[in-house]
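K.L.:
This is the structure I have questions about; it appears just below.
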Amino acid sequence: GEDVEQSLFLSVREGDSSVINCTYTDSSSTYLYWYKQEPGAGLQLLTYIFSNMDMKQDQRLTVLLNKKDKHLSLRIADTQTGDSAIYFCAETPWRRDDKIIFGKGTRLHILP
Amino acid sequence: NAGVTQTPKFQVLKTGQSMTLQCAQDMNHNSMYWYRQDPGMGLRLIYYSASEGTTDKGEVPNGYNVSRLNKREFSLRLESAAPSQTSVYFCASSEMSGQPQHFGDGTRLSIL
C-alpha cells in the first residue's frame, strides 16, 4: 500500500545542520515534497523534487532523493530558531495522481 | 497575494449543530482539497475536487459534504456535528491533481 514514514522528533543545536529523513513505498512517485508547519499555522510548501532528479538545492535547503532505496531527505544548513516546526514529507503516487500522501511529520526542536 | 483563504479561523459548536467551512483560492487552481489534522494522525483527506464540477471522497468522508461552488470556492459542511469532528481543518489547492498543494491557515473547530 501507499505509505510515507518519517521519525517523529529531531533535536539539533542552533548553527548545526538538520537532516530530516523520509521513506516512501511507491517507487513510481512523480513528485516528492517537503512541507513546513509552524505552530498554529497551515502547511507551507518548502520545496519539491521531481522523481527524475537526485538533488535539489535552494539556499539553506538541500533535498536528496535515493530512488533505489525510496528515501528522501531534507538538509537544513545553519539551523536557526525560526526553523523550529513540524516538517512533513509527502509524495504523489504515480497510480493515484489525484492526491498527495503525507507522512505524520517530524518535529524539529532547536537547542540553544 | 492571499493564496488560500479559510473562514472562520475558530469555531465552537454544540453536538448536532450544522456548520459550513468556507475556502477560496485566488491562484486560478483547478483542484481543491479538504483535510483534517488530528494529533498523532497526521493529515487525512476528507474530500477533494479535481476540477470545477467534480467532487470525490477521500479517506474520511463520513459526516461531511462538500460543494465546489465555482472554480475559486470549495466549501465543507458538517450537517450534524459530533465531538469526533473536533479537529483542525485545512483547505488546499493545486494547479492540477497531484501537483504541489498550497494550504490555507486552517479552521480550528471544537464540538462540545
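The values are calculated or read from the model by the stated rules, or taken from the named source; none is laboratory data. The structure displayed is predicted, hence computed values, not measured ones. Here the Cβ positions follow ideal geometry from the backbone for every residue, glycine too, while neighbour counts run over all protein chains shown. SASA here: full protein model, heavy atoms, side chains in, ligands and nucleic acids out. Shrake-Rupley method; radii C 1.70, N 1.55, O 1.52, S 1.80 Å.
K.L.:
Select from the range B:30-48 the residues that are of a type outside the set (Gly, Ala, Ser) and more than 16 Å from A:Ile100 (Cα to Cα) and write down the one among them that is most open to solvent (accessible area, probe 1.4 Å).
P.N.:
In this case the residue turns out to be B:Pro39.
K.L.:
Take A:Leu65 and tell me if it is part of a strand (DSSP E or B), more than 14 Å from chain B (Cβ to nearest Cβ), open to solvent by 10 Å² or more (accessible area, probe 1.4 Å) and over 19 Å from B:Pro39 (Cα atoms). Steps first, please.
P.N.:
Values: part of a strand (DSSP E or B): yes; more than 14 Å from chain B (Cβ to nearest Cβ): yes; open to solvent by 10 Å² or more (accessible area, probe 1.4 Å): yes; over 19 Å from B:Pro39 (Cα atoms): yes.
For A:Leu65, the condition - part of a strand (DSSP E or B), more than 14 Å from chain B (Cβ to nearest Cβ), open to solvent by 10 Å² or more (accessible area, probe 1.4 Å) and over 19 Å from B:Pro39 (Cα atoms) - is met.
K.L.:
What number of residues within the range B:69-112 are within 11 Å of the chain's Cα centre (by Cα) and assigned to a strand (DSSP E or B)?
P.N.:
Residues in the range B:69-112 being within 11 Å of the chain's Cα centre (by Cα) and assigned to a strand (DSSP E or B): 14 in total.
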